[in-house]
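Below is one structure; the comments refer to it alone.
The values are calculated or read from the model by the stated rules, or taken from the named source; none is laboratory data. Keep in mind that what you see is a predicted model, and the values were worked out from it rather than measured. Here the Cβ positions follow ideal geometry from the backbone for every residue, glycine too, while neighbour counts run over all protein chains shown. Surface areas here come from the heavy atoms of the whole protein model, side chains and all, with no ligands, DNA or RNA. Shrake-Rupley method; radii C 1.70, N 1.55, O 1.52, S 1.80 Å.
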Amino acid sequence: MNWQKQLSDLGFRVSAPRKRVMAVLESAQQPLTPLELHQTLLRDHKAIGLASVYRTLGLLSALGIVEVVYRSKGEMGYMAAAQGHHHHILCQECQRAVEFSGLEDLSELIDHVENQTHYQVRDHLLQLYGLCPECQSKHADEKE
Ligand SMILES: [Zn+2]
Ligand SMILES: [Zn+2]
């Protein structure tokens with residue numbers, strides 16, 4: 001299901017600022033901060049206020065149309081949301097992020113945490129960091 005349909009099914013308008021924000025996020029390979037998103041839109045001569053970018057991201061993330069991916073310095077970035085149970089791995093050098101399907105088995109960890117804390121675990125947030133293939137080969141070149 002595309003985001004326009006998702007949005008209008010939920011009773012929200014597919015407005016120009018929402019379209020502009022989603023167009024940038026859908027073509028980006030890195031999670032973008034609200035400021036970067038704003039700068040990209042201004043560079044493309046799309047008039048939009050920073051407050052409107054924040055408002056739009058707030059709504060779209062509350063609706064699950066965009067999702068937060070943390071950058072290597074812990075800043076919140078935004079990406080167009082993928083379907084189903086998934087997580088992201090982010091390159092610490094170029095900040096490119098890709099998703100992987102959430103097939104992880106956390107049952108051992110969850111048992112351990114429940115025993116230790118007596119909380120009932122209901123959900124999890126997982127993101128991995130590393131080096132993407134391109135940055136790995138850049139490093140390999142440097143060593144030659
Ligand atoms: Zn990289
Ligand atoms: Zn998971």
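Overview of results
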| quantity | calculated |
| --- | --- |
| Enumerated strands (runs of 3 or more DSSP E) restricted to region 29-111, each holding at least 3 residues that are within 16 Å of ligand 2 (Cβ to nearest atom) | 66-70, 86-91, 97-101 |
| Evaluation of ALA62 against (1) open to solvent by 50 Å² or more (accessible area, probe 1.4 Å); (2) touching a residue at least 12 places away in the same chain (Cβ under 8 Å) (one fails), failing number | (2) |
| Which numbered condition LEU42 fails, given (1) modelled with pLDDT of 95 or more; (2) open to solvent by 40 Å² or more (accessible area, probe 1.4 Å) | (1) |
| Region 104-117 residues that are under 21 Å from ILE89 (Cβ atoms), paired with ones that are within 11 Å of ligand 2 (Cβ to nearest atom) (beta carbon under 6 Å, 6 or more apart) | none |
| Output for region 105-144, where each listed residue is within 11 Å of ligand 1 (Cβ to nearest atom) and of a type in the set (Gly, Ala, Ser) | GLY130, SER137 |
| Residue within region 22-34 that is among the polar types (S, T, N, Q), within 16 Å of ligand 1 (Cβ to nearest atom) and within 17 Å of the chain's Cα centre (by Cα) present | yes |
